[in-house]
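Just so it is clear, none of the values below were taken in a lab; they were calculated from the coordinates. Bear in mind that the values here come from a model prediction, so they are computed numbers and not experimental data. Ideal geometry is used to build each Cβ from the backbone, glycine not excepted, and the neighbour counts take in all protein chains shown.
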Ligand code: ADP
Ligand code: 5GP
């Protein structure tokens, strides 16, 4: 379970992990938020309307779900359980509420916090990504202060300074989880 402030580089390091470990299955979350430019349905997220999200939730089709920044996000149950049943590792990116509910359901889940080297870096990354307006960026940075305060709840903390180093740490954490 990968969590951390928006803009810390979770998507970037997860892509790096999947390049190093193509056997790992990426859980694609469903969300009601609109797609950002360049995001593809079924790849980055499954983009669905609120009504469909509510129906899936009612049918128990999410392993966990949460409301983040006014949008709903959920981890589809079936793909993750199928992958785990065949002995593969699943990596999922989700907020702390989601990570903790997965941990309750699956106690051997490993919670990893991706931290930016500094808040200055976080702001620069969010600006550089060019996907959020200034108001959204300040909302995300304020939320980041809170998230960093709670990082003690994680099994591992990875500072994403250089992408390659952060990916290397993720590979090691995965290996260690099987010992
Ligand atoms: P998240 O998924 O946590 O919201 P992203 O993976 O989208 O974050 O990264 C946010 C921005 O920061 C992107 O533009 C990305 O290219 C950049 N970025 C990610 N990791 C690093 C890094 N280690 N150093 C510099 N820039 C980075
Ligand atoms: P973003 O809109 O920037 O892609 O994601 C916003 C937040 O939602 C991030 O903290 C991300 O980790 C979280 N998130 C993404 N998918 C899920 C999910 O399936 N479940 C939960 N609980 N949070 C998610």
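With the convex hull drawn around the C-alpha atoms of region 138-179, the volume per residue stands at 78 Å³.
Which whole-number percent is the relative contact order of the chain (Cα, under 8 Å, 6+ apart)?
Once divided by the residue count of the chain, the mean separation gives 33 percent.
Our summary of shape: the Cα atoms of region 91-139 have principal axis extents of 38, 21, 16 Å, ordered from largest down, in whole angstrom. In percent, rounded to a whole number, the relative contact order of region 90-179 is 35, using alpha-carbon pairs under 8 Å and six or more apart. Taken over region 1-79, the alpha-carbon convex hull comes to 104 cubic angstrom per residue. Judged by the mean number of other Cβ atoms found within 10 Å, the most tightly packed of the peptides 115-122, 71-78 leads the ranking 71-78, 115-122. Considered as an equivalent ellipsoid built on the Cα gyration tensor, region 80-179 has semi-axes of 27, 16, 13 Å, the largest given first. Let me know the shape class of region 8-130, please: from the alpha-carbon gyration tensor, a ≥ b ≥ c as square roots of the eigenvalues, rounded when a/c is under 1.5, otherwise prolate if a/b is greater than b/c, or oblate. Since a/c reaches 1.5 but b/c is at least a/b, the shape of region 8-130 is classed as oblate. Would you mind pulling out the separation of the Cα centroids of region 129-179 and region 28-78, in Å? First find each Cα centre; the distance between them is then 21 Å.
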